[in-house]
Amino acid sequence: MKKIILGIFILSMGLTSCDEFLTRDPYNTIGSDEFFKSENDLKIYTNGLLQYMMPDAADLTYTGGDCADYLAVSSVQSFLQDGWDYTKQSGWSSSDWKNLYRINYFLANMHKASSKVGQSTLNHYEGIGRFWRAWFYFDKVKDFGDVPWYNTPIEDNDSIMLYKARDSRECVMDSVLKDINYAVSNCSTNAVYTNTTLINRYVALALKARICLFEGTYRKCHTTNPSTGKAWSDTGASTRFLNEAISACEELMNSGKFSLVSTSADVKTQYRSLFTQQKVNYKEVIFAREYQADVAMHDATLRFNSAGNNTNRWSPTNEFVNTYLCLDGSRFTDKANYDTIQYINEVKNRDYRLMQSMITPGFIKKVGGVATLWKSNWNITYTGFQIIKYNIDDDSYESTGNSYNSIPVFRYAEILLDYAEAKYELGAFDEAIWNKTIKLLRERAGVVGTAPTTADQYLITYYNNKITDKWLLEIRRERAIELFMEGSLRYDDLMRWAQGDLLTKSWSSIYIPQKNVGYDINGDGKADLMVVDKAPSTTDKNIYYVNLSKTTYFTYANGMLQKKNETVWTENRYLHPVPQTAIVKNPNLTQNYGW
């Protein structure tokens, strides 16, 4: 316990009261000479990094839903509203850079244990440090583009380093690639580190695949560096990063360590089970945030079942739900009347991930301890589609933060999708790659995995006519459905594809043909929902009335409720602006192009 407290103390010292960017007490006052003496010391410190830097349940689930094209929300992120500028931006204060100092402090001091620790073990721990630095800078680059690169702890009197200019994104991401490649080459696959929450070679490979797919496609889809508005210097970087992504994916795919959780008997439940169980299924999950009942818990079930101020009422749109295929592999939107099929019928015989991600007729949960047929709650959803992907199906978990289900960080399914997309972007995608990737994911969800013969016109329109290739459209369909609500992955996808314009799409509800008519929503044969211009004189307690005279956020047209989307999109929003406060403190910092 004393060593654990000491480790936390070392991670925290000099990092809690800084007023200037990256300033702190000199690190030599922390006592590294006394601490870094053994492998156990390295373990304690890196466990501290894990605690500080591991994304939590909020990061991995609902937070990303605030910036996604396929969800209606009660409040659009400030960054996506009119009037946002660099005076309102944050993310560059000393607290936002603390984790980088913690990492660099470790990397600068860990070799003091070399006399007591073997070289391969030392390399493993250095790999952990560089893994976290790669992830830290990956997040910074996604937000700001060009950022200053630091690979050593900064002395508080080092004005040159503290007030240096931003390094180019190209330089920073090349350094990130070196760090993650070091982690891949040196982090262990020893049984001590695998099937746990510890960093190992497989976890490093998963992060590498995510980073390299992002950067490779970003450089391809954005012809200029958004930080400068100028062409990229390294014109071959896109290909290089995409090849690195493929390399990481292939090593994971050929390792024999992972596969999709898939049995025909569990086709209706196996996808969702990855997100609702306390015990992590490390057959498919490469890395997870583990939780445990009564020990370490979170509030995801509460958030997805609350209409209060602690939720953004994340509601899947009808436009997105239309993209789920039928079980026979056909496109739902190829039906002549697809846009006038009522909810209770439109969700029948569809990709089983739909019923495992959102409430559909027949959904059962415990209410007061009793298994009960349940339906979407219109106090929570704006569209009639309500998310259940991460929920514990028991209302006793809906009022407090006592959810115990562990949450995946990296899954093998994402690796298959990364591989498929990287192959496509390099012109190497064909039916053989389809069979190794997309087909497997669809068949796990009960969908016939036959390769497409034509491009889907609905998806072409959905992606604003910017994508017309049949393969890429299906890869993007699959990515949206399989990785639905998994952290910020959807927002990151839109940013790297240069399709931020999708954030302004319509937010439509289920089809409700007429006002003043009750419709069955849960499949029990009784009316549950009615849209009215004003409340009727006599109401039915079993019916939820959408009273248009009392709701300011709905309009009704063409048989659907429309939630107003107040998102504003401009091309400069592919990056956040550098905060004014940071530029005032460090005049050497430049502002991102367009801000």
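Sort His576, His124 by Cβ crowding within 10 Å, fewest neighbours at the top.
Numbers: His576 20, His124 23.
Taking fewest neighbouring Cβ atoms as first place, the list is His576, His124.
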In nm, the gap between the two label points placed 7 Å beyond Cα toward Cβ at Ser330 and Lys230 is 5.6 nm
Full extension between Leu373 and Asp167 adds, at 0.36 nm per residue less the Cα distance, a length in nm of 68.5 nm
Honestly the stretch 460-509 on the Cα gyration tensor test (a ≥ b ≥ c root eigenvalues; a/c under 1.5 rounded, otherwise a/b vs b/c for prolate or oblate) is just rounded
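Tell me what the chain gives for mean residue ellipticity at 222 nm when only DSSP H runs of n ≥ 4 count, each as -39,500 (n - 2.57), the sum divided by the residue total, rounded to 500 deg cm²/dmol.
Values: 22 runs with 218 residues, N = 595.
The helix-only estimate for the chain comes to -10500 deg cm²/dmol at 222 nm.
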For the stretch 2-257, the dipole about the Cα centre with charges only on Cβ (Lys and Arg +1, Asp and Glu -1), to the nearest 20 debye, works out at 700 debye
Restricting to Cα pairs under 8 Å and 6 or more apart, the percent relative contact order of the stretch 2-257 works out to 18 percent
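Quick one: length gained pulling Lys526 to Asp158 fully straight, 0.36 nm per residue minus the C-alpha distance?
Numbers: separation 368, 0.36 × 368 = 132.48 nm, distance 7.21 nm.
Going from the current span to full extension adds 125.3 nm.
Once the cut-off is 18 Å, how many percent of the Cα-Cα pairs in the stretch 298-365 end up in the long-distance tail? Numbers along the way, then the final one.
On the way: 1039 of 2278 pairs.
Tail of the P(r) past 18 Å holds 46 percent of the pairs.
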For the pair Phe554 and Thr538, the simple spin-label estimate (label points 7 Å beyond Cα toward Cβ) gives in nm 2.3 nm
Links exceeding 27 Å between C-alpha atoms in this model, out of Lys366/Lys389; Lys505/Lys550; Lys505/Lys585; Lys178/Lys230; Lys178/Lys220, come to Lys505/Lys585
Of the convex hull drawn through the C-alpha atoms of the stretch 458-595, the volume per residue in Å³ is 197 Å³
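To make sure I understand, if each residue's beta carbon is the centre and we count other beta carbons within 10 Å, what order do Cys67, Cys171, Cys212 fall in, fewest to most? Walk me through the numbers before you get to the answer.
Numbers: Cys67 21, Cys171 15, Cys212 27.
Exposure proxy ranking, most exposed first: Cys171, Cys67, Cys212.
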The simple spin-label model distance between Thr570 and Ser259, using points 7 Å out along Cα→Cβ, in nm, is 5.3 nm
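Going by how many other Cβ atoms sit within 10 Å of their own, how do Glu482, Glu571 line up, fewest first? Walk me through the numbers before you get to the answer.
On the way: Glu482 23, Glu571 14.
Fewest-to-most Cβ neighbours within 10 Å comes out as Glu571, Glu482.
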If unit charges are put on Cβ atoms (+1 for Lys and Arg, -1 for Asp and Glu) and the dipole of the stretch 2-257 is taken about its Cα centre, the option from Ile211, Trp84, Ser115 lying farthest towards the positive end turns out to be Ser115
Rounded to the nearest 10, the angle in degrees between the Cα long axis of helix 98-109 and the longest principal axis of the Cα atoms of the chain comes to 40 degrees
Hydrodynamic radius by Kirkwood for the stretch 2-257, inverse mean 1/r across distinct Cα pairs, in Å, is 19.9 Å
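With charges set only on the Cβ (+1 for Lys and Arg, -1 for Asp and Glu), what does the dipole of the chain come to about its Cα centre, in debye to the nearest 20? Don't skip to the end; give the middle numbers.
Numbers: 65 positive and 68 negative charges, 116 e Å.
Computed about the Cα centre, the dipole is about 560 debye.
Please report the relative contact order for the stretch 359-499, taking Cα pairs under 8 Å with a sequence separation of at least 6, and give it as a percent rounded to a whole number.
Values: 111 pairs, mean separation 20.5, N = 141.
Normalised by residue count, the contact order of the stretch 359-499 is 15 percent.
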So for R0 = 41 Å, FRET eff. of Asn345-Arg240 from the Cβ-Cβ r, to 0.05, ends up at 0.25
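Normalised by the residues of the chain, what does the relative contact order come to in percent, with Cα pairs under 8 Å and at least six apart?
Details: 1059 pairs, mean separation 116.1, N = 595.
In percent, rounded to a whole number, it is 20.
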Correct semi-axes for the chain, from √(5λ) of the alpha-carbon gyration tensor and rounded to whole Å with the largest first, are 42, 26, 26
On the formula 1/(1 + (r/R0)^6), with r taken between the Cβ atoms of Ser95 and Gln292 and R0 of 30 Å, the FRET efficiency rounded to 0.05 is 0.55
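If the chain between Lys585 and Ala455 were fully stretched, how many nm would it gain, using 0.36 nm times the residue separation less the Cα-Cα distance? It would help to have the intermediate numbers written out before the result.
Values: separation 130, 0.36 × 130 = 46.80 nm, distance 5.21 nm.
Taking 0.36 nm per residue and subtracting the Cα distance, the gain is 41.6 nm.
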Between Asp430 and Ser78, the FRET efficiency computed from the C-beta separation at R0 = 35 Å comes out, to the nearest 0.05, as 0.20
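Where a number appears in this text, it was derived from the coordinates with a stated rule and is not lab data. Fair warning: this is a prediction, and the values are worked out from it, not measured in the lab. Glycine gets a Cβ as well: all are built from the backbone with ideal geometry, and neighbour counts include every protein chain shown.
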